[in-house]
Amino acid sequence: MKKLLFTALLLGGVLSVQACTEKEKKDNNPAETKVEAEKVITSKDAPTIVGVAAGNENFSTLVAAVKAAELVETLNGDGPFTVFAPTNAAFEKLPENTVSDLLKPENKDTLTAILTYHVVAGNYKAADVVKAIKDNNGSFTITTVQGATLTASMDGENVILTDAKGGTSTIIMTDVAAANGVIHAIDTVVMP
């Protein structure tokens, strides 16, 4: 319980720091593509995580993958969940034909493992994540719903997730409220 609370606090802090730097980055590099929340909504007024993702064209690949893996009902559940949601641009970084292959019925188990690796049980805000990273000498280990871990750390003011294979992803948008949790957009798909 203590570890879960600490993990929640850590994730929230990291994401908060990222949110503060997002506008600065966008102003410094207008050519860089960023995912932006269309409006600020409270979690009680928000749709579920799947509804929020489905309402944003930057997550259309993720939504298609969630449907193919038959995870819609799960991610529409009570939660709470924290989802590190890869944008369409993140999926485009994968080798050619990876996404189309993963969407095939015979690859459902692999797709499910990848998607649940992006989900953490609990509602973790950015500020809590940053605090947990700082409180743990610069890195914090997060256990995903899939069962493997992600390591959160800071690179300047950016929160970086390092996956089980050593790949990294930067959180590019934080604290998008959903009725059953929170979404943080990431720029690269992480792999278990």
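None of the figures in this text is laboratory data; all of them are computed from the coordinates on show. This one's a predicted model, so the numbers in the text were calculated from it and none came from an experiment. So basically every Cβ, Gly included, is an ideal-geometry build from the backbone, and we count neighbours across all protein chains shown.
Assuming 0.36 nm per residue, please report the length gained on full extension of the stretch Leu94 to Thr151 beyond their Cα-Cα distance.
Numbers: separation 57, 0.36 × 57 = 20.52 nm, distance 2.06 nm.
My answer for the length gained is 18.5 nm.
Determine the gain in length on full extension of the stretch Glu73-Met191; use 0.36 nm per residue of separation and subtract their C-alpha separation, reporting nm with one decimal. Kindly include the intermediate steps, with their values, before the conclusion.
Details: separation 118, 0.36 × 118 = 42.48 nm, distance 2.27 nm.
Roughly 40.2 nm would be gained on extension.
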With r as the distance between the Cβ atoms of Thr168 and Ser60 and R0 = 22 Å, compute the FRET efficiency 1/(1 + (r/R0)^6) and round to 0.05.
0.40
Putting +1 on Lys and Arg Cβ atoms and -1 on Asp and Glu Cβ atoms, find which of Met191, Pro95, Pro105 reaches farthest to the positive end of the dipole of region 45-192.
Met191
Could you please tell me the mean projected area of the C-alpha convex hull for region 41-181, averaged over all directions and given in square nanometres to one decimal?
8.4 nm²
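Loop only by DSSP, 12 or fewer other Cβ within 10 Å of the Cβ. Give me the GluC sites (Glu not before Pro) in region 68-145 that pass, ordered by residue number. Don't skip to the answer; put the middle values down first.
Working: sites: Glu70, Glu73, Glu92, Glu96, Glu106; in loops: Glu70, Glu96.
Answer in residue order: Glu70, Glu96.
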